[in-house]
Amino acid sequence: VKKMGGNHYRFYDFELEELIKEEQKIENDLYHAIEKNEFKLVYQPIRELATGRNVGTEALIRWTNPLYSKVSPLVLIQIAEQNGLIIEIGRWVLKEACRQNKQWQKEGYSSVIVSVNVSAIQFEQTNFVEMVKEILEETELEPKYLELEITERIAMDRVEEKLLKMKELKSMGVRISIDDFGTGYSSLAYFTRFPIDTLKIDRSFINDMLNDENAKTIVTTIINMAKSIKIKTIAEGVETWEQLEYLKKKSCDQIQGYLISKPVDPHIIVEMFEEEILT
Ligand code: C2E
Ligand code: CA
Ligand code: CA
Ligand code: CA
């Protein structure tokens, strides 16, 4: 807090105090959210452009406590990362997503890959790989139907350690994707070291692509380079048919975005697994 003289200081100080109180309340309620069953997962379809089929789905957390209906999952995750709750929440998310995917298979829906977001802090836990293994065993989901989404920043420090973990996960049969690709400082060449299956091209580039030559070049370059090293590409945040057509022309493998569907509850998304809308 900067001292801006007289009244300003007090005013500022007061607001900050309120803000801290507010955050402490959120934190406190977050502590009890798992036991109170206040989290749920919603799912967004991922569509393969060549076949028009929804071949995957991304699990996204929602806090159902009515007091916090407006708190973005990004904020929720950030708070949980600061106080360590992310470990418990992350475990819950992973298990629930695996359980649900197995459940869909038992119910006879066509098998899809479920993608789960993994926080850097969670990935860095020494027992992370062990935990994934346990959850797969408990839920009886075949590893090839699980994809873990990690961000570029995970691969930036303690590289050997991270590499080892990724290789262990790969040897189990779990898939790995890089989320929000293009927003960090890494090049695709850097990632040839890592056993990556999928690159998710960040929404900001897809959003700008048709009005901005630079964004367009970035998107096509990512698609082409990924293809040359046999990594699958998913375009995030596709909202228009024009974007879809362009991505299809450039041979992007899969798309995700409001054009196909917003994230929805499990009973709604299963209907979309069967759909075959040729795009
Ligand atoms: P993300 O992993 O990049 O997830 C995609 C976000 O983009 C989701 O927001 C999704 O609803 C939104 N989105 C999808 N298609 C479109 C589109 O066409 N247009 C626009 N404008 N947005 C679209 P959401 O669910 O609010 O999640 C925000 C972020 O919170 C996620 O970004 C992820 O970083 C984090 N997050 C959500 N759930 C989890 C979780 O279970 N664990 C962790 N560690 N992070 C999570
Ligand atoms: Ca994601
Ligand atoms: Ca993303
Ligand atoms: Ca994002």
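Screening L188, L210 for residues that are away from ligand 4 (no atom under 16 Å from the Cβ), within 22 Å of C252 (Cα to Cα) and modelled with pLDDT under 90 leaves exactly one candidate, L188. The selection criterion, being touching a residue at least 12 places away in the same chain (Cβ under 8 Å), outside any helix (DSSP H, G or I) and within 16 Å of ligand 2 (Cβ to nearest atom), does not hold for L141. Regarding segment 118-135, can at least one residue be identified that is under 15 Å from the mean Cα position of the chain (by Cα), part of a loop (DSSP other than H, G, I, E, B) and touching a residue at least 24 places away in the same chain (Cβ under 8 Å)? The answer is yes; a qualifying residue exists. Looking at S204, S228, S171, which one is on the phi < 0 side of the Ramachandran plot and open to solvent by less than 60 Å² (accessible area, probe 1.4 Å)? Answer to the selection: S204.
For K165, the conditions (1) touching a residue at least 12 places away in the same chain (Cβ under 8 Å); (2) assigned to a helix (DSSP H, G or I); (3) within 16 Å of ligand 1 (Cβ to nearest atom) are fulfilled apart from (3).
Of all residues in segment 34-83, which are touching a helix residue (DSSP H, G or I) at 6+ places or on another chain (Cβ under 8 Å), within 15 Å of ligand 2 (Cβ to nearest atom) and over 19 Å from L148 (Cβ atoms)? Answer for segment 34-83, where residues must be touching a helix residue (DSSP H, G or I) at 6+ places or on another chain (Cβ under 8 Å), within 15 Å of ligand 2 (Cβ to nearest atom) and over 19 Å from L148 (Cβ atoms): R62, L76.
Looking at I46, I34, can you tell me which residue is in contact with an Asp or Glu (Cβ under 7 Å, 6 or more places away or on another chain) and open to solvent by less than 10 Å² (accessible area, probe 1.4 Å)?
Working: I34 fails: open to solvent by less than 10 Å² (accessible area, probe 1.4 Å).
Going through I46, I34 in turn, the sole match is I46.
Residue-level analysis places R153 among those that are within 16 Å of ligand 4 (Cβ to nearest atom), at pLDDT below 95, open to solvent by 60 Å² or more (accessible area, probe 1.4 Å) and under 18 Å from the mean Cα position of the chain (by Cα).
Has segment 84-94 got at least one residue that is part of a strand (DSSP E or B) and either open to solvent by less than 50 Å² (accessible area, probe 1.4 Å) or more than 25 Å from K232 (Cβ to Cβ) (or both)?
no
The values are calculated or read from the model by the stated rules, or taken from the named source; none is laboratory data. Predicted model only: the values in this text are computed from it and were never measured. All Cβ positions, even for glycine, are placed from backbone atoms using ideal geometry, and neighbour counts span all protein chains on display. In case anyone asks, the SASA skips ligands and DNA or RNA and just uses the protein heavy atoms, side chains included. Shrake-Rupley method; radii C 1.70, N 1.55, O 1.52, S 1.80 Å.
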